[in-house]
Amino acid sequence: MSKIEQKTSLVGILVIFDNFPTRESLQQIISSGISKICLVNNYEDKRLNTEEFKDLINKEIFIVNNFNKGGLAGAYNKAKIFISENLKETTHILYLDDDSQFLDLKAFLQNRLTKNEILNRDYLILGPRYRDSRTKMLGRLVLLSRFWFKVFSPSKSGIYETSFIINSFSIWSKKALDKIGDHDESLAIDHIDTDFCMRARKLSIPIMVNNNVTFEHTIGKRVQYSFLGFKLQSSGHSFARRKLIARNTRILMFRYGLRDIGFFFLCATRILYEFFS
């Protein structure tokens, strides 16, 4: 047994809403190096059909029914309550998204830098770089300052500090999550990760990206385009989804942006980007 396996217990949270996982995809997650999976049913009106992997239930996989109460935020909160009450040995939680390529997970968890950060930080927030499945563009990092923000795309290997990280494939130590609190269910879906990152910032908990590892992730139906010499990508979301993104962005820009002016400008830029893209 490796040192990381002796000292840590990493539990994954996978919320099911549109794409039902196959036995193969669940086994890819389990074999990547995590202890267990908390599978949250977020369908509004039905229970999960677990026949394909019934032998794994209550061993490697635990089912939690949320029925979309409070959206994705509600599902995460329900899962964390279940983990706290039933999987007390858990030291770290890994958020997973059914729009991600699970084959990439093992490379992230087994990476030397990832293991080192897990072992040496009590308050850990860490993820790999994501690459959009459609445009193949790498997600850029953002660093906030009090009055402005910096967007950059690191080209060298190593661990980079950032101000934001997407939910999928992100590892959070249980100590960090307990300190930050519950996800905001009033936001439902979009920017619940942004809200959590801003709350981590207020608590001076660093957020990091392991640039040695990338994973494929689908966000909407993005399309790459060029504008004034810059390579950009449209969100590809429906009008209703873009409306929700703009609403939540507006909520957060006034929740945090009056104290962190840089975040206010970042949110304003994001709203304009969604509109023009």
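The values are calculated or read from the model by the stated rules, or taken from the named source; none is laboratory data. Source: prediction; values computed, not measured. Glycine also receives a Cβ, built like all others from the backbone with ideal geometry; neighbour counts cover every protein chain displayed. Heavy atoms of the whole protein, side chains included, go into the accessibility calculation; ligands, DNA and RNA do not. Shrake-Rupley method; radii C 1.70, N 1.55, O 1.52, S 1.80 Å.
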Mind checking the log10 I(q)/I(0) for the chain at q = 0.10, 0.11, 0.12, 0.17 Å⁻¹? Debye, one equal scatterer per Cα, no solvent, two decimals.
-0.51, -0.62, -0.75, -1.61
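What are the trypsin sites (Lys or Arg not before Pro) within the stretch 8-105 that DSSP puts in a loop, where the Cβ has at most 12 other Cβ atoms within 10 Å? Before the final figure, lay out the partial values.
Numbers: sites: Arg23, Lys36, Lys46, Arg47, Lys54, Lys59, Lys69, Lys78, Lys80, Lys88; in loops: Lys46, Arg47, Lys59, Lys69, Lys88.
Those that pass, being in a loop and sparsely packed, are Lys46, Arg47, Lys59, Lys88.
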In Hz, Karplus ³J(HN,Hα) per residue of the stretch 247-252 (6.51, -1.76, 1.60; θ = phi - 60°; x = Gly, Pro)
4, 5, 4, 5, 4, 6
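Evaluate E = 1/(1 + (r/R0)^6) for Arg146 and Lys106, where r is the Cβ-Cβ distance and R0 equals 41 Å; express this FRET efficiency to the nearest 0.05.
Numbers: r = 39 Å, r/R0 = 0.95.
Step by step, r from the Cβ atoms, then E = 0.55.
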Taking H placed 1.01 Å from N in the peptide plane, check which residues at least 5 places from Phe169 or on another chain put their amide H under 5 Å from its amide H.
Tyr95, Leu96, Asp97
How far is it, in nm, from the label point at Arg247 to the one at Asn86 when both lie 7 Å from their Cα along the line to the Cβ?
3.2 nm
Hz values of 3J(HN,Hα) by residue in the stretch 108-115 - Karplus curve (6.51, -1.76, 1.60), Gly and Pro given as x
6, 6, 8, 5, 4, 5, 4, 4
Per residue, how much accessible surface does the chain expose to a 1.4 Å probe? Answer in Å², no decimals.
50 Å²
Interchain or long-range residues, amide H under 5 Å from Val213's placed H
Arg129
Quick one: angle between helix 192-202 and the longest Cα principal axis of the chain, in degrees between 0 and 90, rounded to 10, please.
80 degrees
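Rounded to the nearest 500, what is the chain's calculated 222 nm mean residue ellipticity when only DSSP H runs of at least 4 contribute -39500 (n - 2.57) each, over all residues? Kindly include the intermediate steps, with their values, before the conclusion.
On the way: 9 runs with 95 residues, N = 277.
Result for the chain, helices only: -10000 deg cm²/dmol.
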Per-residue accessible area for Asp178 at 1.4 Å probe radius, Å² rounded to 10?
100 Å²
Using +1 at the C-beta of Lys and Arg and -1 at the C-beta of Asp and Glu, which of Met208, Asn86, Ile57 has the Cα lying farthest in the positive direction of the dipole of the chain?
Met208
Over the chain, with every protein chain in place, what whole percent of the accessible area is carbon and sulfur at 1.4 Å, could you tell me?
52 percent
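Let me check something: with ligands and nucleic acids excluded, how do Trp148, Trp172 order by accessible area (1.4 Å probe), largest to smallest? Present the calculation step by step, with values, prior to reporting the outcome.
Values: Trp148 135, Trp172 5 Å².
Accessible-area ranking of Trp148, Trp172, largest first: Trp148, Trp172.
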Placed amide H near Ile37: partners under 5 Å, 5+ positions off or other chain
Gly12, Ile61, Phe62
Round to the nearest 10 and give me the degree value, 0 to 90, for the angle of helix 261-276's Cα axis relative to the longest principal axis of the chain.
90 degrees
Which entries in Lys136/Lys175; Lys7/Lys80; Lys69/Lys106; Lys156/Lys243; Lys54/Lys106 show an alpha-carbon gap greater than 28 Å?
Lys136/Lys175; Lys69/Lys106; Lys156/Lys243
Please report the accessible area of Glu185 (heavy atoms, 1.4 Å probe, ligands and nucleic acids excluded) in Å², nearest 10.
90 Å²
Sorting Lys156, Lys136 on solvent-accessible surface, 1.4 Å probe, most exposed first, gives Lys156, Lys136
